[in-house]
1. Taking the residues in the stretch 90-107 that are surrounded by 18 or more Cβ atoms within 10 Å (Cβ to Cβ) and closer than 18 Å to Gly58 by Cβ as candidates, determine which candidate is nearest to the ligand (Cβ to nearest atom).
2. Would you check if there is a residue in the stretch 63-82 being surrounded by 12 or more Cβ atoms within 10 Å (Cβ to Cβ), in a helix (DSSP H, G or I) and more than 19 Å from the chain's Cα centre (by Cα)?
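The values are calculated or read from the model by the stated rules, or taken from the named source; none is laboratory data. Treat the numbers as computed from the prediction; the structure is a model and nothing was measured. Cβ placement follows ideal geometry from the backbone for every residue including glycine, while neighbour counts extend to all protein chains displayed.
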Amino acid sequence: MIKKLMAANWKMFKTWEQATQTARELIVAIGQDLPSDREVLLIPPFTALRGVSETLAGQKGYFLGGQNFYPAKEGAFTGEISPAQLIDAGCRFALVGHSERRHVLGEKDEFLAHKVFYGLDNKLKIILCVGEKIQERKKGLVEQVLTSQLEKGLEKIDRNVSALDLVIAYEPVWAIGTGETAVNEDIVQVHSFIRKKLKDFLDHGEQIRILYGGSVKPDNCGSIIWLDNVDGVLVGGASLKADSFSRIVQA
Ligand code: 13P
(Lines give C-alpha, C1' and ligand atoms only; values in the text may rest on other atoms or scores of the structure.)
Protein backbone atom coordinates (compact mmCIF):
# COMPACT_ATOMS: atom_id res chain seq x y z
CA MET A 1 0.00 0.00 0.00
CA ILE A 2 1.28 3.45 -0.86
CA LYS A 3 0.92 5.56 2.26
CA LYS A 4 -0.25 9.14 2.27
CA LEU A 5 2.58 11.53 3.12
CA MET A 6 1.62 14.28 5.56
CA ALA A 7 4.46 16.78 5.40
CA ALA A 8 5.14 19.82 7.59
CA ASN A 9 7.39 22.49 6.07
CA TRP A 10 8.43 24.77 8.91
CA LYS A 11 10.29 27.13 6.57
CA MET A 12 12.36 29.75 8.46
CA PHE A 13 10.39 29.37 11.68
CA LYS A 14 11.35 27.93 15.08
CA THR A 15 14.51 27.69 17.14
CA TRP A 16 15.95 24.29 18.07
CA GLU A 17 14.00 24.38 21.34
CA GLN A 18 10.70 25.33 19.69
CA ALA A 19 11.08 22.74 16.93
CA THR A 20 11.89 19.85 19.26
CA GLN A 21 9.05 20.92 21.56
CA THR A 22 6.56 20.95 18.66
CA ALA A 23 7.78 17.53 17.49
CA ARG A 24 7.35 16.14 21.02
CA GLU A 25 3.85 17.63 21.30
CA LEU A 26 2.92 16.21 17.92
CA ILE A 27 3.91 12.69 18.89
CA VAL A 28 1.88 13.01 22.09
CA ALA A 29 -1.13 14.49 20.25
CA ILE A 30 -1.14 11.73 17.64
CA GLY A 31 -0.25 9.05 20.18
CA GLN A 32 -1.08 5.56 18.97
CA ASP A 33 -3.53 6.98 16.45
CA LEU A 34 -1.25 7.52 13.47
CA PRO A 35 -3.45 5.94 10.78
CA SER A 36 -1.73 2.92 9.22
CA ASP A 37 -2.09 4.48 5.77
CA ARG A 38 -0.18 7.65 6.76
CA GLU A 39 3.44 8.78 7.09
CA VAL A 40 4.45 12.01 8.81
CA LEU A 41 7.35 14.07 7.48
CA LEU A 42 8.77 16.99 9.46
CA ILE A 43 10.91 19.50 7.57
CA PRO A 44 12.35 21.91 10.14
CA PRO A 45 15.10 24.51 9.59
CA PHE A 46 18.63 23.09 9.43
CA THR A 47 19.56 24.19 12.94
CA ALA A 48 16.79 22.03 14.38
CA LEU A 49 17.31 18.89 12.27
CA ARG A 50 19.44 17.02 14.78
CA GLY A 51 17.13 17.83 17.71
CA VAL A 52 14.00 16.82 15.84
CA SER A 53 15.75 13.69 14.60
CA GLU A 54 16.48 12.68 18.21
CA THR A 55 12.87 13.42 19.16
CA LEU A 56 11.57 11.21 16.33
CA ALA A 57 13.98 8.34 17.06
CA GLY A 58 12.08 5.06 17.36
CA GLN A 59 8.75 6.60 16.26
CA LYS A 60 7.33 4.41 13.51
CA GLY A 61 5.93 6.29 10.53
CA TYR A 62 7.74 9.58 11.24
CA PHE A 63 10.45 10.93 8.94
CA LEU A 64 12.71 13.96 8.73
CA GLY A 65 13.45 16.10 5.69
CA GLY A 66 15.62 19.03 4.67
CA GLN A 67 14.23 22.16 3.02
CA ASN A 68 17.11 22.51 0.60
CA PHE A 69 20.62 21.31 -0.30
CA TYR A 70 23.41 22.15 -2.67
CA PRO A 71 24.29 19.51 -5.27
CA ALA A 72 27.89 18.79 -4.33
CA LYS A 73 29.70 16.40 -2.00
CA GLU A 74 31.56 19.15 -0.14
CA GLY A 75 33.52 22.27 -0.94
CA ALA A 76 33.72 26.03 -0.85
CA PHE A 77 29.97 26.74 -0.98
CA THR A 78 29.48 29.18 1.86
CA GLY A 79 26.04 28.96 3.40
CA GLU A 80 25.07 25.72 1.67
CA ILE A 81 24.49 22.19 2.93
CA SER A 82 25.12 18.86 1.19
CA PRO A 83 22.91 15.76 0.87
CA ALA A 84 25.44 13.85 3.01
CA GLN A 85 25.13 16.48 5.76
CA LEU A 86 21.32 16.23 5.66
CA ILE A 87 21.52 12.45 5.91
CA ASP A 88 24.03 12.79 8.75
CA ALA A 89 21.49 14.96 10.59
CA GLY A 90 18.83 12.26 10.20
CA CYS A 91 17.06 13.24 6.97
CA ARG A 92 15.59 10.81 4.48
CA PHE A 93 13.81 13.39 2.31
CA ALA A 94 14.55 16.83 0.85
CA LEU A 95 12.50 19.47 -0.94
CA VAL A 96 13.61 20.72 -4.33
CA GLY A 97 12.08 23.63 -6.22
CA HIS A 98 9.80 24.97 -3.52
CA SER A 99 8.07 28.09 -4.79
CA GLU A 100 10.09 30.24 -2.37
CA ARG A 101 13.35 28.79 -3.74
CA ARG A 102 12.17 29.39 -7.31
CA HIS A 103 10.66 32.84 -6.91
CA VAL A 104 12.41 34.42 -3.90
CA LEU A 105 15.84 32.81 -4.19
CA GLY A 106 15.82 32.65 -7.99
CA GLU A 107 16.53 28.95 -8.57
CA LYS A 108 16.01 27.97 -12.20
CA ASP A 109 14.73 24.73 -13.76
CA GLU A 110 18.14 23.63 -15.00
CA PHE A 111 19.70 23.96 -11.53
CA LEU A 112 16.67 22.23 -9.99
CA ALA A 113 17.00 19.35 -12.47
CA HIS A 114 20.58 18.88 -11.35
CA LYS A 115 19.51 18.95 -7.70
CA VAL A 116 16.84 16.30 -8.32
CA PHE A 117 19.41 14.07 -10.02
CA TYR A 118 22.15 14.71 -7.46
CA GLY A 119 19.91 14.29 -4.43
CA LEU A 120 18.54 10.95 -5.67
CA ASP A 121 22.02 9.80 -6.59
CA ASN A 122 23.12 10.61 -3.04
CA LYS A 123 20.39 8.64 -1.27
CA LEU A 124 17.84 11.34 -0.55
CA LYS A 125 14.18 10.92 -1.41
CA ILE A 126 13.24 14.00 -3.39
CA ILE A 127 10.05 16.03 -3.21
CA LEU A 128 9.96 18.13 -6.38
CA CYS A 129 7.61 21.08 -5.97
CA VAL A 130 5.76 22.58 -8.91
CA GLY A 131 3.02 25.17 -9.27
CA GLU A 132 1.77 28.08 -11.29
CA LYS A 133 1.57 31.77 -10.39
CA ILE A 134 -1.78 33.54 -10.40
CA GLN A 135 -1.08 35.41 -13.67
CA GLU A 136 -0.27 32.10 -15.33
CA ARG A 137 -3.53 30.57 -14.11
CA LYS A 138 -5.51 33.59 -15.30
CA LYS A 139 -3.95 33.25 -18.74
CA GLY A 140 -4.89 29.55 -18.91
CA LEU A 141 -1.27 28.44 -18.74
CA VAL A 142 -1.47 25.99 -15.84
CA GLU A 143 -0.83 22.85 -17.90
CA GLN A 144 1.92 24.52 -19.90
CA VAL A 145 3.74 25.71 -16.75
CA LEU A 146 3.44 22.34 -15.02
CA THR A 147 4.54 20.41 -18.10
CA SER A 148 7.61 22.59 -18.36
CA GLN A 149 8.48 22.36 -14.64
CA LEU A 150 8.01 18.57 -14.61
CA GLU A 151 9.74 17.92 -17.90
CA LYS A 152 12.76 20.02 -16.98
CA GLY A 153 12.85 18.97 -13.33
CA LEU A 154 12.85 15.27 -14.19
CA GLU A 155 14.96 15.36 -17.34
CA LYS A 156 18.22 14.22 -15.76
CA ILE A 157 16.89 11.22 -13.83
CA ASP A 158 16.43 7.60 -14.79
CA ARG A 159 12.95 6.77 -16.18
CA ASN A 160 13.06 3.80 -13.88
CA VAL A 161 13.29 5.84 -10.63
CA SER A 162 11.57 4.05 -7.74
CA ALA A 163 8.21 5.38 -6.62
CA LEU A 164 9.62 5.21 -3.07
CA ASP A 165 12.27 7.81 -3.90
CA LEU A 166 10.39 10.55 -5.73
CA VAL A 167 7.40 12.64 -4.68
CA ILE A 168 5.79 15.55 -6.53
CA ALA A 169 4.18 18.41 -4.61
CA TYR A 170 1.68 20.59 -6.45
CA GLU A 171 1.65 23.96 -4.71
CA PRO A 172 -0.09 26.71 -6.68
CA VAL A 173 1.95 29.82 -5.79
CA TRP A 174 -1.18 31.92 -5.22
CA ALA A 175 -2.43 29.47 -2.56
CA ILE A 176 0.76 29.48 -0.46
CA GLY A 177 0.35 31.37 2.78
CA THR A 178 -2.69 33.25 1.47
CA GLY A 179 -5.51 31.33 3.12
CA GLU A 180 -6.82 30.71 -0.39
CA THR A 181 -6.98 27.02 -1.29
CA ALA A 182 -7.50 25.67 -4.78
CA VAL A 183 -11.06 24.35 -5.09
CA ASN A 184 -11.37 20.57 -5.06
CA GLU A 185 -12.31 20.38 -8.76
CA ASP A 186 -9.10 22.24 -9.68
CA ILE A 187 -6.99 20.00 -7.44
CA VAL A 188 -8.48 16.88 -9.05
CA GLN A 189 -7.96 18.26 -12.53
CA VAL A 190 -4.36 19.34 -11.94
CA HIS A 191 -3.37 16.18 -10.07
CA SER A 192 -4.81 14.02 -12.83
CA PHE A 193 -2.82 16.06 -15.36
CA ILE A 194 0.36 15.62 -13.29
CA ARG A 195 -0.35 11.86 -13.06
CA LYS A 196 -0.62 11.66 -16.84
CA LYS A 197 2.70 13.48 -17.26
CA LEU A 198 4.41 11.27 -14.68
CA LYS A 199 3.20 8.19 -16.57
CA ASP A 200 4.61 9.68 -19.79
CA PHE A 201 7.97 10.55 -18.27
CA LEU A 202 8.58 7.70 -15.81
CA ASP A 203 8.12 3.93 -15.67
CA HIS A 204 6.51 4.02 -12.21
CA GLY A 205 4.56 7.25 -12.75
CA GLU A 206 1.36 5.55 -11.65
CA GLN A 207 2.70 5.04 -8.10
CA ILE A 208 4.61 8.26 -7.52
CA ARG A 209 2.99 10.24 -4.74
CA ILE A 210 1.50 13.64 -5.62
CA LEU A 211 1.01 15.96 -2.65
CA TYR A 212 -1.17 19.06 -2.57
CA GLY A 213 0.09 22.18 -0.80
CA GLY A 214 -1.25 25.69 -0.30
CA SER A 215 -3.25 26.80 2.73
CA VAL A 216 -4.05 23.25 3.87
CA LYS A 217 -5.71 23.41 7.31
CA PRO A 218 -7.42 21.03 9.73
CA ASP A 219 -10.83 21.99 8.37
CA ASN A 220 -10.10 21.53 4.66
CA CYS A 221 -7.64 18.62 4.80
CA GLY A 222 -10.42 16.07 5.34
CA SER A 223 -11.90 16.77 1.93
CA ILE A 224 -8.61 17.32 0.05
CA ILE A 225 -6.86 14.18 1.25
CA TRP A 226 -9.43 11.81 -0.30
CA LEU A 227 -9.49 13.41 -3.75
CA ASP A 228 -8.31 11.31 -6.70
CA ASN A 229 -4.53 11.34 -7.12
CA VAL A 230 -3.95 13.20 -3.85
CA ASP A 231 -1.36 11.13 -1.99
CA GLY A 232 -0.66 13.53 0.83
CA VAL A 233 -0.26 17.20 1.71
CA LEU A 234 2.58 19.68 2.17
CA VAL A 235 1.66 22.14 4.87
CA GLY A 236 3.28 25.41 5.92
CA GLY A 237 1.48 27.73 8.35
CA ALA A 238 -0.97 25.18 9.77
CA SER A 239 1.86 22.75 10.54
CA LEU A 240 3.61 25.07 12.98
CA LYS A 241 1.39 24.12 15.92
CA ALA A 242 1.19 20.49 17.03
CA ASP A 243 -2.53 20.67 17.73
CA SER A 244 -3.33 21.90 14.24
CA PHE A 245 -0.91 19.61 12.40
CA SER A 246 -2.00 16.54 14.38
CA ARG A 247 -5.57 17.16 13.22
CA ILE A 248 -4.32 17.46 9.63
CA VAL A 249 -2.38 14.19 9.93
CA GLN A 250 -5.50 12.42 11.18
CA ALA A 251 -7.97 14.10 8.80
P1 13P B 1 0.97 27.27 3.62
O2 13P B 1 0.40 25.96 4.09
O3 13P B 1 1.36 28.21 4.70
O4 13P B 1 0.08 27.88 2.56
O5 13P B 1 2.36 26.91 2.88
C6 13P B 1 2.38 25.92 1.92
C7 13P B 1 3.79 25.59 1.63
O8 13P B 1 4.51 26.38 1.04
C9 13P B 1 4.31 24.30 2.08
O10 13P B 1 5.53 24.02 1.49
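1. Among them, the one singled out is Cys91.
2. No, there is no match, as no residue in the stretch 63-82 is surrounded by 12 or more Cβ atoms within 10 Å (Cβ to Cβ), in a helix (DSSP H, G or I) and more than 19 Å from the chain's Cα centre (by Cα).
Residue by residue, here is whether (1) in a strand (DSSP E or B); (2) within 21 Å of the chain's Cα centre (by Cα); (3) modelled with pLDDT under 95 holds:
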residue: Lys11; (1), (2), (3): no, yes, no
residue: Glu17; (1), (2), (3): no, no, no
residue: Gln21; (1), (2), (3): no, no, no
residue: Ile27; (1), (2), (3): no, yes, no
residue: Leu34; (1), (2), (3): no, yes, yes
residue: Glu39; (1), (2), (3): yes, yes, no
